[in-house]
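Read-outs throughout are calculated quantities, based only on the coordinates presented, and are distinct from any laboratory measurement. Quick caveat: nothing in here was measured; it's all calculated off a predicted structure. All Cβ positions, glycine included, derive from the backbone under ideal geometry; neighbour counts span all protein chains shown.
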Amino acid sequence: MIFFQPKGFVVYSYEYFLGLCEKGPRSTFDCAKFRKIRTALLKEKMIRSREILEPEPAGWDDFLLVHKPEYVEKLKDPQTLGKILFLDYVSPFDTDIIEFFMWVTGGTILSMKTAYEKQVPVFNLGGGYHHGKPGKGEGFCPVNDVAVGIRRFQEKYGKKRVLVVDLDYHQGNGTALIFKDDDSCFTYSLHRDTWDEINSATNMDVELPDHCADGEYLEALQTTLPGILDTFSPDLLVYVAGGDPHRDDTLGTFELTDRGMLERDIYVMSQAKARNCPVAVLAGGGYGPESWKLYYRFIKCVMRGRCDV
Ligand SMILES: [Zn+2]
């Protein structure tokens, strides 16, 4: 009998519905982004429906692994969430907002578990809310699903070493703060602005200038990431593959091309693969109507084992 070993998995649920899009978000985030990616991957037969894994939602207890109890209590009020997410109008009955974050965090937890157990890349179609801090949400991130996922992962498998490679345009400041005194988790972030200076032996922040293009960006990545992988030697790599360094992004000021973005993604995957380190990928940011195509192309390329740049 021949067992088919999938090249990877996608994590998605119809519950990843961004109800907040109907509540006046002041952002150019495409709320249909992740559904579009799922549809396109299926339509082009890049994945089969059995390779799309459905998560369970995370619960308040999961949030408490990272966030302070008094802050988690506040998150139970939809109007607190509305302020963090800059929504124009939120009613006290809008529980769908926190439910969205529970489902996506559940997806992040499932992505890390599956990547580790099956030793193949797993892509959550969402997640990467890296600005969330223990007692505070900022930058559209009320809950830090990256950190919740890592804590749940370590609870299940012991204190495994986790490396977060955060290539979103924005600094992974919340994740870095959460793990700054925890030597089982190294946080690496390549970004435009350093929102918080993190003094930790297990954090590296690399800041790049406005208009940074493919060459400069990839060089910065290639001169820093391999050394961290070699010295830290992670059991799991969590990749926050934000699409906002792209030149057409409506928030970012970098000028990476389609090719540069894909080279970036494949570089991270190949560095991990060379060291037999499994990778869980989270979507991170990425704004504007075309942004979905970046994550889509990346997943397509891994699933096919071949990339058309
Ligand atoms: Zn971002």
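Below, the figures for the structure above:
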item	result
Extension gain from residue 211 to residue 159, taking 0.36 nm per residue of separation minus the Cα-Cα distance	14.8 nm
Summed side-chain charge close to residue 235 - residues other than residue 235 whose Cβ falls under 11 Å, Lys, Arg +1, Asp, Glu -1	+4
Interchain or long-range residues, amide H under 5 Å from residue 166's placed H	188, 189, 190, 240
Estimated FRET transfer efficiency (residue 224, residue 88; beta-carbon r; R0 41 Å; 0.05)	0.50
FRET efficiency, residue 199 to residue 45 (Cβ-Cβ, R0 51 Å, nearest 0.05)	0.55
Rounded Å value of the spacing that divides the Cα centres of region 242-282 and region 52-78	28 Å
Relative contact order %, region 9-303, counting alpha carbon pairs below 8 Å whose residues are six or more apart	20 percent
Under 25 Å from the Cα of residue 300 - lysines, other chains or at least 8 residues apart	7, 33, 36, 43, 45, 113, 118, 273
Reachable aspartates and glutamates from residue 293, criterion Cα separation under 17 angstrom, eight or more residues apart if same chain	30, 44, 168, 244, 248, 249, 255, 258, 263, 265, 308
Candidate lysines for bridging to residue 136, where Cα separation is under 24 Å - those fewer than 8 sequence places away on the same chain excluded	23, 68, 74, 76, 83, 180
Antiparallel content of DSSP bridges confined to the chain, in %, to 5	10 percent
